[in-house]
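Just below is one structure, and these are the notes that go with it.
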Amino acid sequence: MMYPYCHYPFTYQQHSRSFPAIDTTTFIQSVGKVEFLLQQSQLLMKQLENQPFSYQLMDAAQKSDQQAVDHFIQSIPGLTAVTQIHYSPTGVVFQLQSPGVSDEVKCCHVSIVLKWA
């Protein structure tokens, strides 16, 4: 296969962009917040390994009793970061949200998706 030859000279113009100075402060704070969320997710996973607890949670979800599902999760000692729980007949999604790096900005979240059927 032959490629056509370009008869016109190609000139490359480099555009200079100015970027702000790199400041890693917020990024490093976000990493710390995610580490906290991972610790929170470990608390959640340990409790979900408890068969009687998981049975009660799944039973409440099957009955569409959101208040009971929320109560079970809120009853886990030390767990403070779960902000939303969504479930279906096949699984559950836990959203863990960090406190913001600043008062007005939430920086990070972790979603845990588990299959239960």
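The values are calculated or read from the model by the stated rules, or taken from the named source; none is laboratory data. Nothing here was measured: the structure is a model prediction, and the numbers come from that model. Using ideal geometry, Cβ is built from the backbone for each residue, glycine included, and neighbour counts are taken over all protein chains shown. Ligands, DNA and RNA are stripped out before the accessible areas are found, and what is left, the full protein with its side chains, is counted by its heavy atoms. Shrake-Rupley method; radii C 1.70, N 1.55, O 1.52, S 1.80 Å.
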Q) What are the residues in region 81-91 that are open to solvent by less than 40 Å² (accessible area, probe 1.4 Å) and under 16 Å from His109 (Cα atoms), if any? A) Ala81, Val82, Ile85
(Q) For region 12-38, which positions are small (Gly, Ala, Ser) and either open to solvent by less than 70 Å² (accessible area, probe 1.4 Å) or at pLDDT 95 or above (or both)? (A) Ser30, Gly32
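Here's the yes/no breakdown for (1) more than 16 Å from Cys108 (Cα to Cα); (2) among the aromatic types (Phe, Trp, Tyr):
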site	(1), (2)
Phe19	yes, yes
Phe36	no, yes
Leu44	yes, no
Ala68	yes, no
Q: Out of the residues in region 39-56 that are aliphatic (A, V, I, L, M) and closer than 17 Å to Lys115 by Cβ, state the one that is most open to solvent (accessible area, probe 1.4 Å).
A: Met45
Q | Hits in region 57-80 - residues which are more than 27 Å from Lys33 (Cα to Cα) and either of a type in the set (Gly, Ala, Ser) or surrounded by 12 or more Cβ atoms within 10 Å (Cβ to Cβ) (or both) | A | Leu57, Met58, Asp59, Ala60, Ala61, Gln62, Ser64, Asp65, Gln66, Ala68
Q. Within the bounds of region 65-77, is there any residue that is in contact (Cβ under 8 Å) with a residue 40 or more places away in the chain and either touching a Phe, Trp or Tyr at 6+ places or on another chain (Cβ under 7 Å) or not acidic (Asp, Glu) (or both)?
A. no
